[in-house]
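The values are calculated or read from the model by the stated rules, or taken from the named source; none is laboratory data. Note that this is a predicted model, so its numbers are computed, not measured. A quick note on method: Cβ atoms are made from the backbone with ideal geometry, for glycine too, and the neighbour counts reach across all protein chains shown.
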Protein chains: 2
Amino acid sequence: MMKAHILYVEDDQSLSFVTRDNLELQGYQLTCCHDGQEALAVISGADFLFDLCILDVMLPHVDGYTLASEIRRRDPAVPIIFLTAKSLKEDRIQGLKLGADDYLTKPFSMEELQLKIEIFLRRRHVVSDPLPALTKLGTLVFDHENLLLQDARGDERRLTQKEADLLRYLLEHKNQVVRRSTILEELWGEDDYFLGRSLDVFISRLRKYVRPDNRLRIDTIHGVGFQLVCPD
Amino acid sequence: MMKAHILYVEDDQSLSFVTRDNLELQGYQLTCCHDGQEALAVISGADFLFDLCILDVMLPHVDGYTLASEIRRRDPAVPIIFLTAKSLKEDRIQGLKLGADDYLTKPFSMEELQLKIEIFLRRRHVVSDPLPALTKLGTLVFDHENLLLQDARGDERRLTQKEADLLRYLLEHKNQVVRRSTILEELWGEDDYFLGRSLDVFISRLRKYVRPDNRLRIDTIHGVGFQLVCPD
DNA sequence: CGGCGGTGTTAATGTGCTGTTAACAGTTGT
DNA sequence: ACAACTGTTAACAGCACATTAACACCGCCG
């Protein structure tokens, strides 16, 4: 299985250092941030979805709760563990309501953190997924189930079924050349001149939709078909 | 949708009563035991798997830890929440190592327990939402059991069974796109043109009913279905 | 370089899907 | 039998979307 990718947001540098060391030693791939804004930028800019987030509640600029709901907006399923100095019941409840999956009170033991991380990661691929299957497309988040395409700023665009199907098809064959005729057979069921022109119209629209991430392109392979080009 | 089946093992009868009442009100199906042996018998005898287990650590005859590993032997994936009087770090860590997924220290608040239950059930998708008799829908209160919808001013509207079923279905999938065909299959049992038009009539009515709260919308996803949009 | 077929893009078009109201039919209770 | 209530069908208006049209452009072939 892939190394689990963990986002860790903590403004206390010395604690952050220790924790990072420990978790990396456990074989996790860590991305550390020191304030909420940085974290948001990292999430928006990443080409992948994190497997788990560990957030300090007290952060400069953007507090942990706000950060958590921003993260949830982009990936409703990712487990979030809050770190907090307070251990008041009301704070815990507030945090759980706002989307935390678990709570750890500072000072915490590394062992306990590791155990809690394992608990959530263990379940990561067991999920039978009625939660929308989200796909990262560069910095965009594509939700085929809900026909939604979200850009790095969090703006959502609603797609039609055909648009979503075509985008998914290209995504399933990203960085590969797909033939016009294959797409038409696959998504339209037949292949004639006019449906071909229809396909062109759709490609044109998708190009507009993916423009927010300028590393994404849909290349034309003249006389053959198209190729969705994207990093990773 | 299936009610979530929860095993609750607790030897303190008065606490057990309160908790049971609360959780059943939330729409969970509870099986209560008062010691470890009874719990083991129940698990062995049941012809279904529990969706979640809540175990007191201090139990007569068989302690919570032993019980937990027995449960795990039968169902390695079921989430287990421990209830404990102690809140020592060593105890928590010990518990987590032995297969607990979360820990709650007595005395605990019912709200926190409910939230923690939800966190684990959500991930298993046993129930995307438990179906409490009363559900808040923005400022409205929806009582599916009694077919009542109450607005912010306290005015009550009586719903028909189908209206209530449809509203509940949308609520169970709020902020998700639900397909016409799925709704029809689920609530009407079949999917043809006329039933589809019937569905439109019902959606039209529900739109009227939820208008008192202008943050609530039922969006049409052309050619696909509907989406109940509501805050939180 | 010149032509032709393939493609990009925008706008117009028409079909099918949806919103809504009202009539209708079936059921229940009186 | 009647009234009240519920779900379905009808009818018509309105809209969204896939398709078609139109025109500009490009790249490959001679």
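Take B:HIS34 and decide whether it is surrounded by 15 or more Cβ atoms within 10 Å (Cβ to Cβ) and within 24 Å of A:ARG123 (Cα to Cα).
Taking the combined requirement at face value, the residue does not satisfy it.
For the stretch A:209-222, name all the residues that are surrounded by 16 or more Cβ atoms within 10 Å (Cβ to Cβ) and in contact (Cβ under 8 Å) with a residue 60 or more places away in the chain.
A:TYR209, A:VAL210, A:PRO212, A:ASP213, A:LEU216
Quick check, is B:LEU206 surrounded by 19 or more Cβ atoms within 10 Å (Cβ to Cβ), within 15 Å of DNA strand D (Cβ to nearest atom), outside any strand (DSSP E or B) and at pLDDT 90 or above?
The answer is yes for B:LEU206.
Could you tell me whether any residue of the stretch B:178-196 is within 13 Å of DNA strand D (Cβ to nearest atom), on the phi > 0 side of the Ramachandran plot and of a type outside the set (S, T, N, Q)?
Yes, because at least one residue in the stretch B:178-196 is within 13 Å of DNA strand D (Cβ to nearest atom), on the phi > 0 side of the Ramachandran plot and of a type outside the set (S, T, N, Q).
Test B:ARG179 against the criterion of being under 25 Å from the mean Cα position of the chain (by Cα) and either exposed (fewer than 13 other Cβ atoms within 10 Å of the Cβ) or within 11 Å of DNA strand C (Cβ to nearest atom) (or both), and give yes or no.
Answer is yes for this residue.
Kindly check whether there is at least one residue in the stretch B:189-202 that is surrounded by 14 or more Cβ atoms within 10 Å (Cβ to Cβ), aromatic (Phe, Trp, Tyr) and more than 11 Å from DNA strand C (Cβ to nearest atom).
no
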